[in-house]
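Report on the following structure.
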Amino acid sequence: MQARERILIALDTSDLEQAVGWVRMLSPYVGGFKVGLELVHAAGFGIFDRLHEAGAERLFYDAKLHDIPHTVARAVRAIARMGVWMVNVHASGGRAMMEAAVEAAHSAPKPPLLVAVTVLTSLSSQELREQVGTRRGAVNQVLHLATLAKEAGMDGVVASAQEAGRLRRRLGEGFLIVTPGIRLKGESAGDQRRVATPARALRAGADYLVVGRSVTAHNDPAARAAAIVEELEKGLLSPQLL
Ligand code: C5P
């Protein structure tokens with residue numbers, strides 16, 4: 001996979017025109033765009049057509065589905081009809097829910113990739129104990145749910161660069177790891193706790209990098225995206241630089 005294709009820009013805005021503007025400006029430099037709950041709820045589901053028309057080839061819908069298997073399967077089918085390239089569900093919805101999602105995706109004319117959210121990065125081990133009653137720490141719970149996702153036939157998981165290495169070793173090649181929390185060297189982490197540079201995330205085993213404010217809040221987003229691609233290309237050519 002080329003370096004450019006690995007970068008997914010998070011369209012974190014409630015302003016449809018701003019999202020369309022980012023897609024027009026950044027499509028030549030990146031592999032795709034992530035549409036989250038803010039944008040979908042503000043702009044409506046027509047957003048997917050608008051972004052495709054603006055030049056986005058690959059849209060990752062960060063839907064974080066979590067419901068009974070039947071409902072999730074039907075939602076995945078509807079999402080596939082919108083031409084979405086990748087969509088996610090919560091692994092904590094369970095094996096049957098993920099299997100139903102996989103079956104629905106595979107039966108679509110244009111099957112979207114299905115990735116699982118394991119443990120929200122906002123949850124500490126203590127909160128996890130309170131929420132699901134598990135004594136496993138957050139990292140072990142991530143590994144546990146990612147293994148379940150793989151067994152259910154999911155295509156991959158969303159995970160921070162910090163967990164990517166262990167996930168890659170546990171789950172092997174071919175299982176996608178999609179990694180947010182990307183910051184360039186010297187850039188402030190903001191509200192993100194577990195950040196990594198693009199090269200580090202790649203070295204840890206990430207396949208796709210979700211990059212938001214590092215590009216979209218920059219005064220020259222296109223130049224910023226190009227700089228990230230260049231960093232990745234150098235690393236891919238000489239892995240010791242990663
Ligand atoms: O602006 P920034 O690069 O921090 O944005 C990262 C994107 O990835 C946001 O859309 C955020 O919601 C998403 N995300 C995250 N951490 C996760 C899952 C998703 O930052 N664990």
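The values are calculated or read from the model by the stated rules, or taken from the named source; none is laboratory data. The structure presented is a predicted model; accordingly, all values stated were derived computationally and were not measured. Counting neighbours? That spans all protein chains shown, and the Cβs are built from the backbone with ideal geometry, glycine included. Ligands, DNA and RNA are excluded from the accessible area calculation, which covers all protein heavy atoms including side chains. Shrake-Rupley method; radii C 1.70, N 1.55, O 1.52, S 1.80 Å.
Structure above, values below:
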| item | result |
| --- | --- |
| Residue within segment 202-222 that is away from the ligand (no atom under 11 Å from the Cβ), modelled with pLDDT under 95 and crowded, with 22+ Cβ neighbours inside 10 Å present | yes |
| Unique match (being within 29 Å of ASN219 (Cα to Cα), away from the ligand (no atom under 16 Å from the Cβ) and assigned to a loop (DSSP other than H, G, I, E, B)) among MET1, MET25 | MET1 |
| Residue check, MET82 under 30 Å from GLU230 (Cβ atoms), aliphatic (A, V, I, L, M) and open to solvent by 20 Å² or more (accessible area, probe 1.4 Å) | no |
| Answer residue from segment 159-175, given it is among the small types (Gly, Ala, Ser) and away from the ligand (no atom under 13 Å from the Cβ) and is most open to solvent (accessible area, probe 1.4 Å) among those | GLY174 |
| Cross-chain or 6+ apart pairs with Cβ under 7 Å, segment 79-103 first and at positive phi, then outside any helix (DSSP H, G or I) and open to solvent by 20 Å² or more (accessible area, probe 1.4 Å) | GLY83/LYS110 |
| Hits in segment 134-147 - residues which are open to solvent by less than 60 Å² (accessible area, probe 1.4 Å) and part of a loop (DSSP other than H, G, I, E, B) | THR134, GLY137 |
| Identity of the residue in segment 85-123, part of a helix (DSSP H, G or I) and not hydrophobic (A, V, I, L, M, F, W, C), that ends up surrounded by the most Cβ atoms within 10 Å (Cβ to Cβ) | GLY93 |
| Failed criterion for LYS150 (all others in (1) modelled with pLDDT of 95 or more; (2) assigned to a loop (DSSP other than H, G, I, E, B); (3) open to solvent by 30 Å² or more (accessible area, probe 1.4 Å) hold) | (2) |
| THR197, sole failed condition from (1) in contact with a Leu (Cβ under 7 Å, 6 or more places away or on another chain); (2) hydroxyl-bearing (Ser, Thr, Tyr); (3) within 11 Å of the ligand (Cβ to nearest atom); (4) open to solvent by 20 Å² or more (accessible area, probe 1.4 Å) | (3) |
| VAL178 within 11 Å of the ligand (Cβ to nearest atom), in a helix (DSSP H, G or I), surrounded by 23 or more Cβ atoms within 10 Å (Cβ to Cβ) and modelled with pLDDT of 95 or more | no |
